[in-house]
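To start, the structure under review is shown below, and the notes come after it.
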Amino acid sequence: MRIIVTGGAGFIGSEVVRQLINETDHEVLVFDKLTYSGVLSSLESVSASPRYRFVQADICEAAAVQSALDSFRPHAALHLAAESHVDRSIDGPGAFIQTNVVGTYVLLDTVTRYWRGLTDADQASFRFHHISTDEVFGSLGAEGLFTETTPYDPRSPYSASKAGSDHLVRAWGHTYGLPVLVTNCSNNYGPYHFPEKLIPLIIIRALRGEHLPVYGDGSNVRDWLFVEDHARALRRVLEAGCPGRTYNIGGNAERTNLEVVRTICGLLDQLRPREDGRPYGDQIQFVADRPGHDKRYAIDASRIKLELGWEPAISFEEGIARTVQWYLDNRGWWEAILETRYGTQRLGVA
């Protein structure tokens, strides 16, 4: 297939692209604006492939989207382009509305016109796969899991913008017949993760001898999904998912934020001990909580397991160890980001 991947230079998108190039015969066009979190070096290992192409453009620009569709003639679109950090959405919600809502509308409108020009057979096999988040469901208490039928209850500008984009995608499927797929995933982690997110932030600040900020008392719970597992799930949904269907993708790995931070500190104590011999846990500092911080997310991923045969293959223990080692081995990747894009400062204090 020829697959256009919006946001393909981002964290999850680049993993999807690397897998598509390295493990399949598909052709891939990465369509990415290269905002602060779009890092082309994340695609360096596949950039020489004759099956890889890159276009720097904004999904909000219909002419650029149309040009890419007309020249590449894709059989499917994987839509990962999004503003994705809750803290940044608190500081500047406008960019999230523009990219996540308006951009998704422009993409849907343009792709639908392209899709209508295909043969009947190509229309039937075409897929528009929209990648979303479990944050659209709001916050859970101590019990329960998010399912595909959980009512939407977004609590941040980020999750509200993603909820809006989810609704647009489903509406285009119902109204215009576009063959759409929607996936809602839990918190991802792994190599090439931009340093603003919890796990890479903690690793990098620990190595730099800085305090390790934990929001509130650190009891907020997330379900952690290794990015390689997520990319495999996205490929499976694209290949075999039923148009109009939603699939939740989770890691079956609930941890409190404080447990995650302490796990990272323990791994660094083993792999890269501090020169003074003290544990990295001494750098933990509890800070003012995020405004409107959701208490707990947890995914019921039974549908994708039962219908498509996918389940996470990498445990949190294995995944976090691989992640910490990757950041130790790839200082050049994240140090370049710290020098020019983001210096690990606190965001989203409202």
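The values are calculated or read from the model by the stated rules, or taken from the named source; none is laboratory data. Bear in mind the structure is a predicted one, so any value in this text is a computation, not a measurement. Please note: Cβ atoms are built from the backbone with ideal geometry, for glycine as well, and neighbour counts cover all protein chains shown.
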Within region 271-288, can you find the residues that are under 18 Å from Val324 (Cβ atoms), touching a strand residue (DSSP E or B) at 6+ places or on another chain (Cβ under 7 Å) and of a type in the set (A, V, I, L, M, F, W, C)? Ile284
Out of (1) of a type in the set (A, V, I, L, M, F, W, C); (2) over 24 Å from Cys242 (Cα atoms); (3) in contact with an Asp or Glu (Cβ under 7 Å, 6 or more places away or on another chain); (4) surrounded by 15 or more Cβ atoms within 10 Å (Cβ to Cβ), the odd one out for Ile284 is which? (3)
Here are some residues: Val324, Val261. Which one is β-branched (Val, Ile, Thr), touching a strand residue (DSSP E or B) at 6+ places or on another chain (Cβ under 9 Å) and part of a helix (DSSP H, G or I)? Val261
Residue list for region 66-91, filter: closer than 20 Å to His129 by Cα, in a helix (DSSP H, G or I) and either among the charged types (D, E, K, R) or at pLDDT below 95 (or both): Asp70
With (1) surrounded by 16 or more Cβ atoms within 10 Å (Cβ to Cβ); (2) assigned to a helix (DSSP H, G or I); (3) within 21 Å of the chain's Cα centre (by Cα) as the list, and Gly94 as the residue in question, which single condition is left unmet? (1)
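Taking region 192-215, which residues are in contact with an Asp or Glu (Cβ under 8 Å, 6 or more places away or on another chain) and modelled with pLDDT of 95 or more?
Result: Tyr192, Tyr215.
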Looking at region 51-65, which of the residues that are touching a strand residue (DSSP E or B) at 6+ places or on another chain (Cβ under 7 Å) and not in a loop (DSSP other than H, G, I, E, B) is nearest to Gln98 (Cα to Cα)? Gln56
From the residues in region 199-253 that are over 16 Å from Phe286 (Cα atoms) and hydroxyl-bearing (Ser, Thr, Tyr), which one is surrounded by the most Cβ atoms within 10 Å (Cβ to Cβ)? Tyr247
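For the condition free of Cβ contacts under 8 Å to residues at least 12 places away in the same chain and surrounded by fewer than 15 Cβ atoms within 10 Å (Cβ to Cβ), what is the one hit in Gly277, Gly292? Walk me through how you get there before you give the answer.
Numbers: Gly292 fails: free of Cβ contacts under 8 Å to residues at least 12 places away in the same chain.
Exactly one of Gly277, Gly292 is free of Cβ contacts under 8 Å to residues at least 12 places away in the same chain and surrounded by fewer than 15 Cβ atoms within 10 Å (Cβ to Cβ), namely Gly277.
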Scan region 107-131 residue by residue and report those that are buried (at least 22 other Cβ atoms within 10 Å of the Cβ) and either at pLDDT below 95 or not in a helix (DSSP H, G or I) (or both). Phe128, His129, His130, Ile131
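Answer yes or no as to whether Ser89 is out of contact with any strand residue (DSSP E or B) (no Cβ under 7 Å at 6 or more places or on another chain) and closer than 21 Å to Leu198 by Cβ. Please lay out each step first, then the result.
Numbers: out of contact with any strand residue (DSSP E or B) (no Cβ under 7 Å at 6 or more places or on another chain): yes; closer than 21 Å to Leu198 by Cβ: yes.
Spelling it out, Ser89 is indeed out of contact with any strand residue (DSSP E or B) (no Cβ under 7 Å at 6 or more places or on another chain) and closer than 21 Å to Leu198 by Cβ.
For Asp229, are the conditions met, namely being of a type in the set (Asp, Glu) and either under 19 Å from the mean Cα position of the chain (by Cα) or more than 22 Å from Gly348 (Cα to Cα) (or both)?
Details: of a type in the set (Asp, Glu): yes; either under 19 Å from the mean Cα position of the chain (by Cα) or more than 22 Å from Gly348 (Cα to Cα) (or both): yes.
Spelling it out, Asp229 is indeed of a type in the set (Asp, Glu) and either under 19 Å from the mean Cα position of the chain (by Cα) or more than 22 Å from Gly348 (Cα to Cα) (or both).
Quick one: in region 15-50, which of the residues that are part of a loop (DSSP other than H, G, I, E, B) and acidic (Asp, Glu) is surrounded by the fewest Cβ atoms within 10 Å (Cβ to Cβ)? Quick ask: steps written out before the conclusion?
Initial filter on region 15-50 (part of a loop (DSSP other than H, G, I, E, B)): 24-26, 33-39, 44-50.
Now narrow it down to the ones that are acidic (Asp, Glu): 25, 44.
Numbers: Asp25: 8, Glu44: 12.
Checking each candidate, the answer is Asp25.
From the list Gly309, Gly319, which one is small (Gly, Ala, Ser) and either touching a strand residue (DSSP E or B) at 6+ places or on another chain (Cβ under 8 Å) or more than 30 Å from Val180 (Cα to Cα) (or both)? Spell out the reasoning first.
Working: Gly309 fails: either touching a strand residue (DSSP E or B) at 6+ places or on another chain (Cβ under 8 Å) or more than 30 Å from Val180 (Cα to Cα) (or both).
Just a single option satisfies the conditions, and that option is Gly319.
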Leading residue by the ranking (farthest from Gly173 (Cα to Cα)) among those in region 93-127 that are touching a residue at least 60 places away in the same chain (Cβ under 8 Å) and of a type in the set (A, V, I, L, M, F, W, C): Phe96
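Looking at Leu69, Leu78, Leu108, can you tell me which residue is in contact with a Gly (Cβ under 9 Å, 6 or more places away or on another chain) and either more than 30 Å from Gln345 (Cβ to Cβ) or charged (D, E, K, R) (or both)?
On the way: Leu69 fails: in contact with a Gly (Cβ under 9 Å, 6 or more places away or on another chain); Leu108 fails: in contact with a Gly (Cβ under 9 Å, 6 or more places away or on another chain).
Just a single option satisfies the conditions, and that option is Leu78.
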